[in-house]
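Quick notes on the structure that follows.
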Amino acid sequence: MPLPKAPIIEPPDTTSSDLIIAAANIVPDYGLPFVPDIDFAVKDPAVIVSEVVADYEAAFKVLTGIAKTLAPGDPVRLFLLVVCHWLSHQRTIIDFTGKMNLLKYAHDTYLDNLGALYGERGLRLPASPALTTLRFTLAAPLAFSATIPKGTLVQAPNAVVFQTLADGIIPSIATYVDVAAQATVAGTIGNNFAVGQITSVINWNQPFGISVSNTTISAGGSDAEDDEQYRYRLWLAVESFSTCGPREAYEFWALSAHPDIIQAVIYSAPEIAGEVWIYPLLKGGVLPSPEIMALVDASCNVDTRRPVTDFVTVKLATEFVYTLDVDYWILQTNSVLLGAIQAAVTQAANDWIQWQRSAISRDINGDELIKRMLEAGAKRVVINSPTPNFQEMDYNQLPVHDPDVAPVINFVDFEDI
C-alpha cells in the first residue's frame with residue numbers, strides 16, 4: 001500500500017504569509033499506521049485442529065478406501081490435538097519472530113536491534129540526568145580570579161548530587177559566576193528542584209569561601225526513550241542521512257537531543273530564507289529548559305547535519321493562555337450515578353486540557369471537549385470559555401490553561417431525555 005503524500009499547497013489568490021502559515025501547519029503522516037498488518041503464520045488453534053483432522057481423515061480414506069470421521073473421544077483425535085497444541089505454539093513463535101524484524105511490531109530489545117541498522121544514530125536514547133545552572137558567589141571580590149573547578153559537587157535536599165560541567169571563572173572585579181551542572185545519576189529524580197534549593201557544596205577544597213544556589217529549575221532528567229517515541233525516530237532516521245536540509249532530518253536530530261522531547265516543529269519561510277526555527281516540546285506539554293534547548297541546538301547545528309547556508313535557531317513556543325469554564329447536565333435516569341459521573345466528567349475535562357497542550361499548533365477544539373464529556377456521562381455541555389470554542393493556533397503557538405485560574409467544571413442539574 002503506498003504511503004499517503006503530504007498535501008500539495010497550490011498557489012491560489014492569497015498572500016504569501018497565508019501560504020507560509022498553511023505550509024507550517026502541514027504535519028507529515030507517520031507512515032506506520034498505513035502499513036498493512038501482516039501475519040507470518042496461522043496461529044488460531046481451532047483452524048489448526050480443523051486442518052489437521054481434515055487432512056488425517058482424507059489421508060485415511062486414500063490409504064484404506066474407508067471414510068472415517070474422528071469422534072471427539074477417538075484416541076487418534078486426542079493424539080492429534082496434542083500435535084495441534086505443539087503446532088500452535090510453534091506458529092506463534094514463527095509469527096512473533098517474523099514480526100520482530102519489522103518496525104511496525106518490534107519492541108524492547110528487538111526494536112533496538114532494528115535501530116542498530118542505522119548505526120550510532122539509530123540507537124535508543126538512554127536515560128539522561130537532570131540539568132540546571134548553579135551560581136557560585138563570593139562574599140566579596142578577591143584580588144585574583146577565582147576558579148570553580150569542573151566537577152564541583154553540589155547536593156540537593158533529597159541527596160541528589162549535581163556536578164559542574166566546566167570550570168567557572170570569577171574575575172577579580174566580580175563576585176559570582178554561573179556554571180552549567182547535571183545530576184550524577186540519570187532519571188527523573190533530579191527534576192523540579194526550585195530556584196535556590198540546591199545549595200550544599202560537598203567537595204570544596206579551594207582557599208576561599210563560596211556559596212552556591214541554582215538559578216534555574218532543574219529539568220531534563222529522563223528515563224530511557226520509550227518504544228513508541230523510539231519507533232517514530234527510526235521512521236524518520238532515513239531522512240537524517242541527507243544534508244540538504246529536509247524538515248524530517250531536522251526533526252530527527254531535534255528529537256534525538258533528549259528522550260523527553262516528543263515534538264519538534266520545524267519552520268522556515270521565504271521571509272526568513274536561509275533560517276530554520278525549531279520549536280521543541282517535552283513530555284506532558286512542557287516547554288524545554290534553557291539546558292535542553294542548548295542540547296537541541298547542539299544536535300541540529302553540527303556541520304554534517306545541516307546545510308552550510310542554514311542558520312538554525314531553537315526557540316520557545318508561544319503560550320496561548322486560555323481559561324476553561326463549562327456547564328454540564330446529566331440525565332435524570334442517571335441520578336443514582338451522580339458522584340461517579342461528576343468524577344468522570346471532571347477527569348475528561350482535565351484530560352482535554354492536557355491534550356490541548358500536548359502538541360504545538362494544536363487548535364483549541366471545543367468539540368473535542370464536548371465529545372469527551374459526553375462519553376464520560378454528561379447529557380449536555382455548554383462551553384462558556386474559551387470563546388470562541390474553536391480557535392486556530394499558529395505554527396508556534398501552544399494552548400495552555402491559565403495556571404493561576406482553576407478550571408470551572410460545573411454540574412448544573414438533571415434533565416430528561
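Quick look at the values:
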read-out	value
Residues being farther than 30 Å from Ala264 by Cβ, in contact with a Leu (Cβ under 8 Å, 6 or more places away or on another chain) and either of a type in the set (Ser, Thr, Tyr) or surrounded by fewer than 17 Cβ atoms within 10 Å (Cβ to Cβ) (or both) - total across the range 312-349	0
Matching residues in the range 356-387 - criterion: being surrounded by fewer than 17 Cβ atoms within 10 Å (Cβ to Cβ) and in a helix (DSSP H, G or I)	Asp367, Glu368, Lys371, Leu374, Glu375
Residues satisfying the stated conditions in the range 46-89, i.e. within 30 Å of Lys104 (Cβ to Cβ) and either surrounded by fewer than 16 Cβ atoms within 10 Å (Cβ to Cβ) or among the aliphatic types (A, V, I, L, M) (or both)	Ala46, Val47, Ile48, Val49, Ser50, Glu51, His85, Trp86, Leu87, His89
Residues (surrounded by 13 or more Cβ atoms within 10 Å (Cβ to Cβ) and either of a type in the set (Val, Ile, Thr) or within 30 Å of Gly122 (Cβ to Cβ) (or both)) located in the range 192-217	Val195, Ile198, Thr199, Val201, Ile210, Val212, Thr215, Thr216, Ile217
Residue satisfying all of: in the range 22-41; of a type in the set (A, V, I, L, M, F, W, C) and at pLDDT 90 or above; surrounded by the most Cβ atoms within 10 Å (Cβ to Cβ) among these	Ala41
Which listed residue is touching a Leu at 6+ places or on another chain (Cβ under 6 Å), more than 30 Å from Gln163 (Cα to Cα) and either hydrophobic (A, V, I, L, M, F, W, C) or assigned by TED's automatic domain parsing to the domain that holds Ala249 (or both), from Ile93, Ile66, Ile48, Ile38	Ile48
Per-region count, the range 240-263, residues within 28 Å of Phe162 (Cα to Cα) and in contact with an Asp or Glu (Cβ under 8 Å, 6 or more places away or on another chain)	1
Residue among Asp325, Asp310 that alone is over 26 Å from the mean Cα position of the chain (by Cα), at negative phi and not assigned by TED's automatic domain parsing to the domain that holds Arg231	Asp325
Selected residue (criterion: nearest to Leu32 (Cα to Cα)) from residues of the range 222-252 that are in contact with a Phe, Trp or Tyr (Cβ under 6 Å, 6 or more places away or on another chain) and hydrophobic (A, V, I, L, M, F, W, C)	Leu236
Selection count where residues are in contact with a Pro (Cβ under 8 Å, 6 or more places away or on another chain) and in a strand (DSSP E or B), scope the range 392-417	1
Filter pass, Ile210 being touching a residue at least 60 places away in the same chain (Cβ under 8 Å) and out of contact with any helix residue (DSSP H, G or I) (no Cβ under 7 Å at 6 or more places or on another chain)	yes
Condition broken by Arg77, with the remaining ones in (1) out of contact with any helix residue (DSSP H, G or I) (no Cβ under 6 Å at 6 or more places or on another chain); (2) charged (D, E, K, R); (3) closer than 30 Å to Leu32 by Cα satisfied	(3)
Among the residues listed as Ala317, Ala376, Ala349, Ala344, the single one being under 30 Å from Arg121 (Cα atoms), in contact (Cβ under 8 Å) with a residue 24 or more places away in the chain and under 26 Å from the mean Cα position of the chain (by Cα)	Ala317
Boolean, Lys371 is of a type outside the set (A, V, I, L, M, F, W, C) and either under 25 Å from Ala254 (Cβ atoms) or in contact (Cβ under 8 Å) with a residue 12 or more places away in the chain (or both)	no
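The values are calculated or read from the model by the stated rules, or taken from the named source; none is laboratory data. This is a predicted model, so every value here is computed, not measured. Neighbour counts are summed over all protein chains in view; Cβ atoms, including those assigned to glycine, are modelled from backbone coordinates with ideal geometry.
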